[in-house]
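Notes to accompany the following structure.
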Amino acid sequence: MSENYTALYEQHKKAGASFTDFGGWQMPLKYESELAEHHAVRKSAGLFDLSHMGEVWVTGPDAASFLDYALVGKLSAVAVGKAKYSLICNTDGGIIDDLISYRRPAPEEGIDKYLVVPNAGNAKVVAAALLERAAGFDVVVEDASAETSLIAVQGPNAEAILLKLVPAEQHALVTELKYYAAVEVSINGQDLLLARTGYTGEDGFEIYIPNVDAAGLWEALLEAGEGHGLIPAGLAARDSLRLEAGMPLYGNELSRHVNAYAAGLGPVVSLAKESDFIGRDALTAIKAAGVGSALGQKLVGLKGTGRRAARAHYSVLKDGSLIGEVTSGQPSPTLGYPIALAYVDVEHSEPGTIVDVDLRGKAEPFVVVQLPFYKRQK
């Protein structure tokens, strides 16, 4: 049983949520219908508790150069107010976690400040790794995960809902906020960090708030969402939404046994940055070898031609021979057919390739397709 409960646990209980263990946290899996929650995010809006995620502040004169060393991306090139998706890797190129880093305004001249957001089960590991890697750099690494809640509003109506809680004079801060950017704004009477980010493939926002104030904001958002189709959504909908959007999940598509090139995240790695970074030599060699990984596999999307869905750990076959394994899979509520992510041998990874998935003893055909499966109309 999970030992961790978010500050919104009582709100979820009152709403009739079914709970599940995720990354050591008791999290709402669904409220009434995971399908209804999925469709609400695609058509109107869904409200998510993401307070299991980590929040690590990195502050100091060397914050930018430190994150250039600690992560595979060039964080020093991120403009103030913007965000960057990156990876923290081992020396062998294996992925410790994928994360988003926000560059915030400098608290004083000569000081840089970033908010690094790791995944739930990895929050303590990432905080510890950053602290260890900070040796020799003039930075302070502060893990604020235990005091911070994170609430997301995702879907086409997310902006309209949020504007009901933001003073009129700050509406432009919200409407003009670009994807992968963040701004301090007054929401429900409090100055909070608002990011235009998400894990659903839809427009949406993520709001960072102290635990003590989280329940009040959750209720205010639900009230503001009345008439806009907003409903609370759990992890089941979050998983089906991110799968349709072709977004990897740590523990499924990403792990210490997988590298960025195998996972299709090569563009995240900045081999061009001047400074050294942990994992650089290994990732340089992997890229030079021209294969997805030491095993010569890469992550692909699979579209089912029948009705049965592939699931995690199911075998992928070609002419009866094992060529890979499914990492995530289920029927797509939006598209109406089964979809999956899988690692397959590079020679069978081209879009249009027909493979089979062993669905509990019966081989069913799937076709390799370009990711993402779903892309919203802008």
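The values are calculated or read from the model by the stated rules, or taken from the named source; none is laboratory data. This structure is a prediction, so every number in the text was calculated from the model and none was measured. Backbone-built Cβ (ideal geometry, glycine too); neighbour counts: all protein chains shown. Surface areas here come from the heavy atoms of the whole protein model, side chains and all, with no ligands, DNA or RNA. Shrake-Rupley method; radii C 1.70, N 1.55, O 1.52, S 1.80 Å.
Hey, any hits in segment 94-117 for a residue that's more than 21 Å from PRO210 (Cβ to Cβ), more than 19 Å from the chain's Cα centre (by Cα), modelled with pLDDT of 95 or more and in a strand (DSSP E or B)? Within segment 94-117 (the criterion being more than 21 Å from PRO210 (Cβ to Cβ), more than 19 Å from the chain's Cα centre (by Cα), modelled with pLDDT of 95 or more and in a strand (DSSP E or B)), the answer is yes, since at least one residue qualifies.
Inside segment 41-67, can you point out the residues that are assigned to a helix (DSSP H, G or I), within 26 Å of ALA129 (Cα to Cα) and open to solvent by 20 Å² or more (accessible area, probe 1.4 Å)? Reasoning before the result, please.
From segment 41-67, those assigned to a helix (DSSP H, G or I) are 41-43, 63-67; that's our starting set.
From what is left, the residues that are within 26 Å of ALA129 (Cα to Cα) are 63-67.
Listed by number, the list holds a single entry, SER65.
Looking across segment 75-90, the residues that are in a loop (DSSP other than H, G, I, E, B) and more than 19 Å from PRO118 (Cβ to Cβ) come down to ALA79, VAL80, GLY81.
Number of residues in segment 78-102 that are without any contact (Cβ under 8 Å) to a residue 60 or more places away in the chain and surrounded by fewer than 19 Cβ atoms within 10 Å (Cβ to Cβ) equals 2. Within segment 258-271, the set of residues being open to solvent by less than 20 Å² (accessible area, probe 1.4 Å) and not in a loop (DSSP other than H, G, I, E, B) comprises GLY266 only.
Would you tally the residues in segment 7-20 being in a loop (DSSP other than H, G, I, E, B) and either farther than 15 Å from PRO232 by Cα or open to solvent by 40 Å² or more (accessible area, probe 1.4 Å) (or both)? Break it down stepwise before answering.
Pass one, segment 7-20, residues in a loop (DSSP other than H, G, I, E, B): 7-8, 15-17.
Still in the running and either farther than 15 Å from PRO232 by Cα or open to solvent by 40 Å² or more (accessible area, probe 1.4 Å) (or both): 7, 15-16.
Residues in segment 7-20 being in a loop (DSSP other than H, G, I, E, B) and either farther than 15 Å from PRO232 by Cα or open to solvent by 40 Å² or more (accessible area, probe 1.4 Å) (or both): 3 in total.
Between VAL300, VAL357, VAL344, VAL316, the distinction of being open to solvent by less than 60 Å² (accessible area, probe 1.4 Å), touching a Lys or Arg at 6+ places or on another chain (Cβ under 8 Å) and under 27 Å from THR200 (Cα atoms) belongs to VAL344 only.
Can you find a residue that is surrounded by fewer than 15 Cβ atoms within 10 Å (Cβ to Cβ), out of contact with any helix residue (DSSP H, G or I) (no Cβ under 8 Å at 6 or more places or on another chain), in contact (Cβ under 8 Å) with a residue 40 or more places away in the chain and closer than 28 Å to LYS13 by Cα anywhere in segment 212-220? Checked segment 212-220: at least one residue is surrounded by fewer than 15 Cβ atoms within 10 Å (Cβ to Cβ), out of contact with any helix residue (DSSP H, G or I) (no Cβ under 8 Å at 6 or more places or on another chain), in contact (Cβ under 8 Å) with a residue 40 or more places away in the chain and closer than 28 Å to LYS13 by Cα. Residue pairs whose Cβ atoms lie under 8 Å apart, sitting 6 or more positions apart in sequence or on different chains, and linking a residue in segment 58-69 that is touching a residue at least 60 places away in the same chain (Cβ under 8 Å) to a partner that is among the small types (Gly, Ala, Ser) and open to solvent by 50 Å² or more (accessible area, probe 1.4 Å), are PRO61/GLY110.
State which residue is farthest from PHE137 (Cα to Cα) when the search covers only segment 274-298 and only residues that are assigned to a loop (DSSP other than H, G, I, E, B) and modelled with pLDDT of 95 or more. Working first, answer last.
Taking segment 274-298 first, the residues assigned to a loop (DSSP other than H, G, I, E, B) are 274-279, 290-296.
Adding the requirement that they be modelled with pLDDT of 95 or more leaves 276-279.
Values: ASP276: 14, PHE277: 13, ILE278: 14, GLY279: 18 Å.
Among those residues, the one meeting the criterion is GLY279.
With a requirement of 2 or more residues that are at pLDDT 95 or above and closer than 25 Å to PRO372 by Cβ, the helices (runs of 4 or more DSSP H) lying completely within segment 118-205 that satisfy it span 158-163.
Looking at GLU325, GLU274, GLU253 in this structure, which one is open to solvent by less than 20 Å² (accessible area, probe 1.4 Å) and acidic (Asp, Glu)? Give the steps one after another, and end with the answer.
Values: GLU325 fails: open to solvent by less than 20 Å² (accessible area, probe 1.4 Å); GLU274 fails: open to solvent by less than 20 Å² (accessible area, probe 1.4 Å).
Being open to solvent by less than 20 Å² (accessible area, probe 1.4 Å) and acidic (Asp, Glu) holds for just one of GLU325, GLU274, GLU253, which is GLU253.
The conditions of being farther than 30 Å from GLY329 by Cα and either out of contact with any Ser or Thr (no Cβ under 8 Å at 6 or more places or on another chain) or polar (S, T, N, Q) (or both) are not met by GLY201.
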